[in-house]
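This report refers to the structure that appears directly beneath it.
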Amino acid sequence: MSNIARAFERPAFIPFVTAGDPSLDVTEELIVAMAEAGADMIELGIPFSDPTAEGVVIQDANERACAGGVTTDDVFDMVARVRGRVDIPLVFMTYANVVYSYGIERFAARQEEVGMDGVILPDVPFEEKEEFDSVFAAHDLDVVSLIAPTSNERIRTIAGAARGFVYCVSSLGVTGVRTNITTDIGAMVSLVREVTDIPVAVGFGISTPEQASRMASLSDGAIVGSAIVKIIAREGEACVGPVTDYVRTMAEAVHSI
Amino acid sequence: MEASTTSRGRFGVHGGQYIPETLMNAVIELEEAYDRYRDDPDFNAELERLFNEYANRPSLLYFAKNMTEDLGGARVYLKREDLNHTGAHKVNNVLGQALLAKRMGKTRLIAETGAGQHGVATATAAALMGMECVVYMGTEDMERQALNVYRMRLLGAEVRGVSSGTGTLKDAVSETFREWTARIADTHYCLGSVMGPHPFPTMVRDFQAVISREARQQCLDATGKLPDAVLACVGGGSNAIGSFYHFIDDKSVRLIGCEAAGRGVDTYETAATMATGSMGIFHGMKSYFCQNEYGQIAPVYSISAGLDYPGIGPEHAWLADTGRAEYVPVTDDEAVDAFEYLSRTEGVIPAIESAHAVAHAMRLAPTMTPDQIIIVTLSGRGDKDVAAIARYRGEDLHE
């Protein structure tokens, strides 16, 4: 059992940022500021050249970070530094090849060493998870399972084997802000609840406090990425203040339910 | 030990289904449909009718007499996929997938394209079968292959430019996957090569295997024996796997894939995956990829938009691992020389992709004897490349 459960002691607000966008120093400050502003867990993207599950906003963030020359080792080093400053759970969000090319065992060992709690790999579905899961589990780290609106009867199988938390993808398509989320999130969460007690957090498309509190009330938490990355893209080096204000508003909305 | 208990579609350690959960039921549905129809007599009769009456199959196995005499070694035969309707081998796969999609009740085809050949083939099948069609193409490639862009539009398809990343084939593949996650119910992703998640590498190979099924029999009929070597160009590897497949059990037949080395395998401007790549996981599969030490996919380069891809299909990776097939790099310069050579020598203008295989035949044939036989798959015709080759030679020619 990892540290992740601690994030869900209250309805969780989980912001996402891409490491190295606009720079690793700013990412470090963002992590500290978002934690102080009420984030219960932070999802940290390790940039990848070809982020196939992302919409254009986070694609661009990956491109900016890669262009800045950020490597997986640089991200680990930054986490090692920031771990002394924040104690909320932290999870990576990256792609299979980033972990695989680093060496799954080497990646998991380094992740444990710097104090990351889990990893989300959107291109590793249930059928391919074991290769990663078995290694991470040996380091007491969770490989987070995702369920999607198309998962249907797969939800029970996926959730039954899930650890850490279940990432409920709210909508079809890739990451990005959406005006309306039409999926029956409540039904998906019920299916998860039938087979496991681990928390469920909803992501994809959430940008307003109303959406965040609604999604968190249907589940155990709300994940917000593109809306934050948009602020970072707009503000650049000066993004910490505006992001902190946004995170505070969103976290308050989630925590008030 | 690289093991996975529930993973499907493996070629040795390669292959698998590394895709977002959102797409899993779509590929499972596709796999089930393919399993149902692959041995279905009606489906196969319909596909064969389309192959023969629409796509101009069987394609010729042509004895390249002038080339053979000039090179002074092995007898060279050309498997003329360039004579297929739409001018390339791509139509074999597309007719199969479009027919399958139709049986699955899908009304819309989406596809990626590099050189534009697969996009044209998909647009053609969509027009024939009354389906909607959207083709994703890197903006860099749209410029290189402007004529094919217009051709797709003429056929009723919408062409959407992809400017992310390097604006080439890999980015078009990524964008088509993204689009598929947004719209699954009525849409089939008509993937153009033996890559991506299972069942694509197997299904596309089966549809392309018609190349070697015909070529093997044609060679036996014409010469009374099997070839000594089969050569094909390799990007993702669909014409190559189609050319190899029915020869895999014929151990005396060398199978040689010709990769695009661009400006050379010792430069960064290359797309030679086997020569310069390493194991990785990308675009739904475990295979070999051009990448850096942190797994960032490399911005590959080749004069040929169709071979300008940083990976290779998982079955090729396995054929390489087992030593059953060989993979050799061919540079831009060598391919352009071969493009011109075949045009002058045989009166056949090959696609610049196919010219990579011709170039290796020019190296290999003189080292062999006249009782030996090489089959070179001409995967496509070269009309689309004429202007680009002219520019490569310094002429100011634009379409």
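What follows is calculated from the coordinates using simple rules that are stated; it is not laboratory data. Note that the coordinates shown come from a computational prediction; the quantities given were computed from them, not determined experimentally.
Some points to look at:
- Hydrodynamic radius of the range A:17-131 by the Kirkwood approach over all distinct alpha-carbon pairs: 14.3 Å.
- Alpha-carbon centroids, the range A:33-49 and the range B:272-331: separation in whole Å: 34 Å
- A simple rule links phi to the HN-Hα coupling: the Karplus curve 6.51 cos²θ - 1.76 cosθ + 1.60 with θ = phi - 60°, which for the range A:78-86 gives 5, 4, 4, 5, 6, 4, x, 10, 9 Hz, with x for Gly and Pro.
- According to the Kirkwood relation over distinct C-alpha pairs, the hydrodynamic radius of the range A:51-198 is 16.6 Å.
- Shape summary of the range B:1-97, radius of gyration then Dmax from alpha carbon positions: 19.7, 56 Å.
- Pair-distance profile P(r), taking every C-alpha pair of the range B:190-321, with 10 angstrom steps and integer %: 14, 42, 31, 12, 2, 0
- Taking N as the residue count of the protein assembly as shown, its C-alpha radius of gyration divided by 2.2 N^0.38 Å amounts to 0.99.
- Inverting the pair-averaged 1/r between distinct Cα atoms of the range B:292-365 gives 13.9 Å as its Kirkwood hydrodynamic radius.
- Expressed in Å, the radius of gyration and Dmax of the Cα atoms of the range B:253-333 are 11.9, 38.
- Scattering curve values for chain B, log₁₀ I(q)/I(0), Debye with Cα scatterers, q = 0.07, 0.13, 0.15 Å⁻¹: -0.28, -1.04, -1.44
- Our coupling estimate for the range B:249-254, obtained by passing each phi through the Karplus curve with A = 6.51, B = -1.76, C = 1.60 and θ = phi - 60°, is 7, 8, 4, 6, 8, 6 Hz, Gly and Pro reported as x.
- The protein assembly as shown - share of DSSP beta bridges that are antiparallel (%, nearest 5): 20 percent
- Percent of C-alpha pairs per 10 Å bin, the range B:126-244, short to long: 12, 32, 35, 15, 7, 0
- A viscosity of 0.692 mPa s and a temperature of 37 °C, combined with the Kirkwood radius over Cα pairs in Stokes-Einstein, give a translational diffusion coefficient for the range B:59-102 of 267 µm²/s.
- Here's how it looks for B:Glu326: its modeled amide H is under 5 Å from those of B:Leu255, B:Ile256, B:Gly257, which are all 5 or more places away or on a different chain.
- Reference-scaled alpha-carbon Rg (2.2 N^0.38 Å with N residues) for the range A:35-75: 1.32
- Per-residue HN-Hα couplings for the range B:358-375 [Karplus 6.51, -1.76, 1.60; θ = phi - 60°; Hz; x = Gly/Pro]: 4, 4, 6, 4, 5, 6, 7, 3, x, 8, 10, 9, x, 7, 9, 10, 10, 9
- Here, chain A has an Rg and a Dmax of 16.4, 46 Å when only alpha carbons are counted.
- Rule-of-thumb Rg ratio for the range A:112-257 [Cα; 2.2 N^0.38 Å; N residues]: 1.09
- Descending semi-axes in Å of the range B:174-217, equivalent ellipsoid built from Cα gyration tensor: 28, 9, 8
- In terms of its alpha-carbon gyration tensor, the range A:110-165 comes out prolate; a/c meets the 1.5 threshold, and the first ratio a/b outweighs b/c.
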